[in-house]
Amino acid sequence: MLKKAQINAHAFVMLCALLCRCLLPVPAFAQLAAPNDSGVSISHIHLFSKDPDTQKKTWIDAFGAQVTKTGTLEVLRLPGVFIIINKNEPTAGSSGSTADHIGFSVKDLDGIKAKLAAANVQVEGPFVAMPDGLRLELVEDKAQTLPVVMHHIHLTTVNGEVLRKWYVKTFGAENGTRRNLPSAMFNGNEVDFLPASGATTPVPTKGRVIDHIGFEVKNLEMFVKQLQADGVRVEAPYREMPNLDLKVAVIVDPVGTRIELTEGLRGK
């Protein structure tokens, strides 16, 4: 009888432990970071590619991106960001533009490098030379639970402090630093500002492999009206796109980085 009671007690403890694990909050694979107090979060990177199938396959095979759709638009999802790929030959890679590269935090750097090598993608130090001249940076964090998580967008400018102030004011970001350089901090990820080197000023992103970066915004219509009142350059006004199940607008930062604002990507 005692042995049977001990077995039953052990089974009960195991069942309780399993239930507790099921009730713990687990971050959704495609979940964007929570919006900040201004209702804004980093949402997507929009790429131009001469061979979208190759670009897409690399994201899926090496980084585990999942394919989904918003309306008729196919997107790739990773924790903290969506990747959108258009078939359009870019004028050049990301280096040399204001959007120099994007960064991801990875749990197993060697494992990711092995997958990239299998796809014939070159890695030099922390930087990855993706198809179409897209530059990525990998930051290892063995303590994170997910294999790959969005970490940062790295913009290049001659005056990082001035550009950071614009992102802080425009999107309600917090002041921060990374490697002693200015950053605009959002919940879960950030925009970093790299000083431009050499005599050539970084060029605007339009037409490059990173054609634009994206932010998800609550109450986008009112948000855009306020941006217009503040004198922010609006390239494409607020509009609703039922075929994509999105509301969108496009603005441009002071150095020429195109930024698409969306309402509706969250939860896709």
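Listing for the model above:
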{"quantity": "Wholly enclosed helices (runs of 4 or more DSSP H) of region 1-118 bearing at least 2 residues modelled with pLDDT of 95 or more and surrounded by 14 or more Cβ atoms within 10 Å (Cβ to Cβ)", "calculated": "52-63, 109-118"}
{"quantity": "Subset of region 174-196 (residues that are over 15 Å from Ser43 (Cβ atoms), among the charged types (D, E, K, R) and under 16 Å from the mean Cα position of the chain (by Cα))", "calculated": "Asp192"}
{"quantity": "Count - residues of region 180-224 that are of a type outside the set (A, V, I, L, M, F, W, C) and assigned to a strand (DSSP E or B)", "calculated": "10"}
{"quantity": "Residue match in region 131-145 (condition: within 21 Å of Ala196 (Cα to Cα), of a type outside the set (A, V, I, L, M, F, W, C), part of a helix (DSSP H, G or I) and within 17 Å of the chain's Cα centre (by Cα))", "calculated": "no"}
{"quantity": "Residue list for region 187-217, filter: more than 16 Å from Phe104 (Cα to Cα) and among the β-branched types (Val, Ile, Thr)", "calculated": "Thr200, Thr201, Val203, Thr205, Val209, Val217"}
{"quantity": "Conditions (1) of a type in the set (Gly, Ala, Ser); (2) more than 18 Å from the chain's Cα centre (by Cα); (3) on the phi < 0 side of the Ramachandran plot: number failed by Gly125", "calculated": "(3)"}
{"quantity": "Region 236-268, subset part of a strand (DSSP E or B) and among the acidic types (Asp, Glu), residue surrounded by the most Cβ atoms within 10 Å (Cβ to Cβ)", "calculated": "Glu260"}
{"quantity": "Tabulated pairs, region 223-246, first over 22 Å from Asp37 (Cα atoms), second at pLDDT 95 or above and basic (Lys, Arg), C-beta under 7 angstrom, 6+ apart or interchain", "calculated": "Glu235/Arg258; Glu240/Lys247"}
{"quantity": "Inter-residue pairs, beta-carbon under 8 Å, first under 29 Å from Asn88 (Cα atoms) and small (Gly, Ala, Ser) and in region 181-208, second buried (at least 23 other Cβ atoms within 10 Å of the Cβ) and modelled with pLDDT of 95 or more, 6+ apart", "calculated": "Ala196/Thr156; Ala196/Thr157; Gly207/Phe48"}
{"quantity": "So Thr177, is it crowded, with 22+ Cβ neighbours inside 10 Å, in a strand (DSSP E or B) and of a type in the set (S, T, N, Q)", "calculated": "no"}
{"quantity": "Close pairs (6 angstrom Cβ cut-off, 6 or more residues apart or separate chains): at negative phi and charged (D, E, K, R) in region 157-180, at pLDDT 95 or above and not in a helix (DSSP H, G or I) anywhere", "calculated": "Glu161/Pro182; Arg164/Pro182; Arg164/Ala184; Arg164/Phe193; Glu174/Met185; Arg178/Asp192"}
{"quantity": "Which numbered condition Arg164 fails, given (1) more than 16 Å from the chain's Cα centre (by Cα); (2) within 17 Å of Lys57 (Cβ to Cβ)", "calculated": "(2)"}
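Yes/no matrix, rows are residues, columns are (1) more than 28 Å from Leu220 (Cβ to Cβ); (2) at pLDDT below 95; (3) in contact with a Cys (Cβ under 7 Å, 6 or more places away or on another chain); (4) not basic (Lys, Arg):
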{"site": "Met130", "(1), (2), (3), (4)": "yes, no, no, yes"}
{"site": "Thr157", "(1), (2), (3), (4)": "no, no, no, yes"}
{"site": "Leu163", "(1), (2), (3), (4)": "no, no, no, yes"}
{"site": "Phe171", "(1), (2), (3), (4)": "no, no, no, yes"}
{"site": "Asn175", "(1), (2), (3), (4)": "no, no, no, yes"}
{"site": "Arg178", "(1), (2), (3), (4)": "yes, yes, no, no"}
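The values are calculated or read from the model by the stated rules, or taken from the named source; none is laboratory data. Every value quoted in this text rests on a predicted model; they were computed, and no experiment measured them. Positions of Cβ are backbone-derived with ideal geometry, glycine not excepted, and every protein chain shown enters the neighbour counts.
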